[in-house]
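Inspection log for the structure reproduced underneath, given as structure tokens.
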Amino acid sequence: MSTQEMIDRVKREMEDKYGNGFKSKEVVDSGSSYINETRLGCYERVEDAISAAKESQKQLMELSMFKRKEIIAAMRKSSIDNAEKLAIMAQEETGFGRVADKIIKNVLAAEKTPGTEDLQSQAFTGDDGMTLIELAPFGVIGSITPSTNPSSTVINNSISMVAAGNGVVYNPHPGAKNVCLETIAILNKAISDVGGPKELLTAPNQPTMDTSKVIMTHKDIRMLAVTGGEAVVEIAMKSGKKCIAAGPGNPPVIVDETANIKKAASDIVKGSGFDNNVLCIAEKEAFVVNSVFNELVSEMVKNGAYELKRHEIDIVTKEVFTKNKKGETVVNRKYVGKCASEILKACNISVHSDIRLIIAEVNDSHPFINIEMLMPVFGMVRVYSIDEAIEKAVIAEKGYHHTAIMHSENVTNLTKAARALDTTIFVKNAPSYAGLGIEGEGFTTLTIATPTGEGLTSARSFTRIRRCTLSGGFRIV
Ligand code: NAD
């Protein structure tokens with residue numbers, strides 16, 4: 001069965017079983033053989049978690065590459081076996097997103113994260129002998145993970161980092177710690193069951209800002225991989241350690257007059273509504289050429305969007321934003337990752353059908369456009385030319401260089417936008433998640449390192465390039 005077939009099957013089964021935003025304790029409990037006080041790899045003291053990962057990483061280096069491949073295969077299998085349970089745990093613990101979509105993210109990470117095959121050596125030969133370039137592990141990596149993709153990030157990072165020969169100490173978001181610690185324990189069991197070290201993946205039982213600080217400054221942590229908003233990225237980049245930072249995005253969608261509007265509408269609702277918009281790559285706002293604006297909106301409504309009436313835009317705006325201490329407009333965390341129907345209900349807007357996305361025509365200075373909301377509320381700006389669309393999309397993207405999406409049949413327009421936006425992921429004529437390998441080709445990652453420039457991370461991103469030179473020999477010609 002291909003990855004796509006598997007994802008489709010899981011999606012159909014889960015939607016039949018759970019429907020919209022389902023939560024079930026039953027499935028979690030029935031599959032919870034590892035839920036207990038002593039999860040493999042989880043420690044009271046963060047220093048002990050670091051020592052355990054260091055010891056296990058040394059043991060990994062004693063094993064063959066053949067064994068490492070077996071370890072990765074076991075990690076994939078146990079992640080798939082537990083994808084449903086971990087999705088339900090994540091949804092229940094964080095209150096974000098949709099179970100069916102979280103299962104897809106877990107399966108995707110398990111199946112499409114590259115393993116040891118990502119590590120390609122190089123050889124140079126000539127009159128002066130031979131030089132070999134190999135990709136070596138860093139040792140122990142400190143990984144700070146987000147609340148929005150908790151188990152899928154742990155699965156994805158663990159496969160990439162272990163394939164590269166590293167151990168990992170995680171500091172999960174405190175609001176998603178149970179599901180992350182559970183994922184770590186499940187993966188450790190899978191690794192040790194096939195003869196690998198017991199605790200390649202570790203974490204403190206109570207991850208906090210303090211444990212994060214210890215990880216960021218500990219001598220035995222050779223590299224940091226940090227996923228989250230601007231604050232944590234800034235701190236990690238100042239740590240003085242080699243750091244791979246996966247920061248925020250605010251992906252714009254551009255739709256021009258040549259686009260297949262029916263498909264564009266369906267793709268935008270699917271991509272933006274996926275997991276209630278918590279994915280960093282999800283469509284967050286649109287710039288649509290005037291001649292197709294109304295048609296696009298009405299097609300989006302047919303595909304499960306609700307268009308806010310003019311007076312409702314203010315009501316929803318007041319509800320989903322608040323002010324911080326500095327008086328700046330910020331997202332009201334209460335609504336992050338919530339279902340569209342739940343947000344509408346809180347605003348006393350009654351709707352009759354299952355709504356996946358709330359849409360509203362606003363101008364380009366509205367917070368629906370400029371703020372990464374991580375909820376299924378989607379601002380749409382009417383523009384009068386492709387150049388205006390591109391110019392405004394570049395501003396909304398804020399120079400994160402993260403993700404952008406475009407629907408168009410005009411290659412010149414597509415090229416112009418791709419160049420101007422200069423994002424790590426640029427998706428053409430598909431839902432944003434095609435850029436992660438769902439209904440799109442290529443490998444996946446949940447750690448898209450934009451501030452530090454690695455982009456789509458995989459095993460090789462977590463390696464040191466080492467060089468071994470033998471002078472004057474070892475040639476066969
Ligand atoms: P968040 O920034 O609140 O938390 C992320 C992690 O950083 C958590 O583990 C948290 O405990 C830690 N953290 C936060 N502030 C910290 C501080 N001052 N010191 C030390 N640790 C700190 O983010 P979130 O709400 O969990 O996740 C959503 C954000 O992450 C969004 O901005 C999203 O775009 C981004 N994200 C990016 C990617 C990517 O691949 N680029 C992937 C997923 C999420």
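The values are calculated or read from the model by the stated rules, or taken from the named source; none is laboratory data. These numbers come from a predicted model, not from an experiment. Neighbour counts are summed over all protein chains in view; Cβ atoms, including those assigned to glycine, are modelled from backbone coordinates with ideal geometry. Note: accessible area is taken over every heavy atom of the protein model, side chains too, but ligands, DNA and RNA are not part of it. Shrake-Rupley method; radii C 1.70, N 1.55, O 1.52, S 1.80 Å.
Here are a few things to note about the model shown:
- Any hit, region 318-329, residues being in a helix (DSSP H, G or I) and of a type outside the set (Asp, Glu): yes
- Among the residues of region 194-215, some residue qualifies, meaning at least one is of a type in the set (D, E, K, R), open to solvent by 10 Å² or more (accessible area, probe 1.4 Å) and within 11 Å of the ligand (Cβ to nearest atom).
- Test set (1) among the aromatic types (Phe, Trp, Tyr); (2) open to solvent by 10 Å² or more (accessible area, probe 1.4 Å); (3) in contact (Cβ under 8 Å) with a residue 24 or more places away in the chain - residue 426 fails condition number: (3)
- Among the residues of region 249-268, just one is open to solvent by 10 Å² or more (accessible area, probe 1.4 Å) and either under 14 Å from residue 359 (Cα atoms) or not assigned by TED's automatic domain parsing to the domain that holds residue 382 (or both), namely 266.
- Residues satisfying the stated conditions in region 378-420, i.e. within 16 Å of the ligand (Cβ to nearest atom) and assigned to a helix (DSSP H, G or I): 396, 397
- Of the numbered criteria (1) part of a helix (DSSP H, G or I); (2) open to solvent by less than 10 Å² (accessible area, probe 1.4 Å); (3) more than 9 Å from the ligand (Cβ to nearest atom); (4) in contact with a helix residue (DSSP H, G or I) (Cβ under 7 Å, 6 or more places away or on another chain), the one residue 178 fails is (2).
- Within region 422-435, the set of residues being within 19 Å of residue 103 (Cβ to Cβ) and out of contact with any helix residue (DSSP H, G or I) (no Cβ under 7 Å at 6 or more places or on another chain) comprises just one member, 434.
- At least 3 residues being over 25 Å from residue 354 (Cα atoms), touching a Gly at 6+ places or on another chain (Cβ under 8 Å) and not basic (Lys, Arg) is the threshold, and among the strands (runs of 3 or more DSSP E) wholly inside region 77-164 those reaching it are 129-137, 140-145.
- Test result for residue 229, within 14 Å of the ligand (Cβ to nearest atom) and open to solvent by 10 Å² or more (accessible area, probe 1.4 Å): yes
- Residue within region 105-117 that is open to solvent by 10 Å² or more (accessible area, probe 1.4 Å), more than 16 Å from the chain's Cα centre (by Cα) and either hydroxyl-bearing (Ser, Thr, Tyr) or more than 16 Å from the ligand (Cβ to nearest atom) (or both) present: yes
- Of the numbered criteria (1) touching a Gly at 6+ places or on another chain (Cβ under 9 Å); (2) open to solvent by less than 40 Å² (accessible area, probe 1.4 Å), the one residue 456 fails is (2).
- If the condition is being open to solvent by less than 80 Å² (accessible area, probe 1.4 Å) and at pLDDT below 95, then region 35-57 contributes 35, 36, 39.
- In region 306-321 there is no residue matching the filter, namely being within 16 Å of the ligand (Cβ to nearest atom), touching a Phe, Trp or Tyr at 6+ places or on another chain (Cβ under 8 Å) and free of Cβ contacts under 8 Å to residues at least 40 places away in the same chain.
- Looking across region 58-67, the residues that are open to solvent by 20 Å² or more (accessible area, probe 1.4 Å), under 12 Å from residue 165 (Cβ atoms) and part of a helix (DSSP H, G or I) come down to 58, 59, 61, 62, 65, 67.
- Selection of region 445-477 for residues being closer than 28 Å to residue 246 by Cα, part of a loop (DSSP other than H, G, I, E, B) and in contact (Cβ under 8 Å) with a residue 40 or more places away in the chain yields 445, 446, 447, 450, 451, 452, 454, 457, 458.
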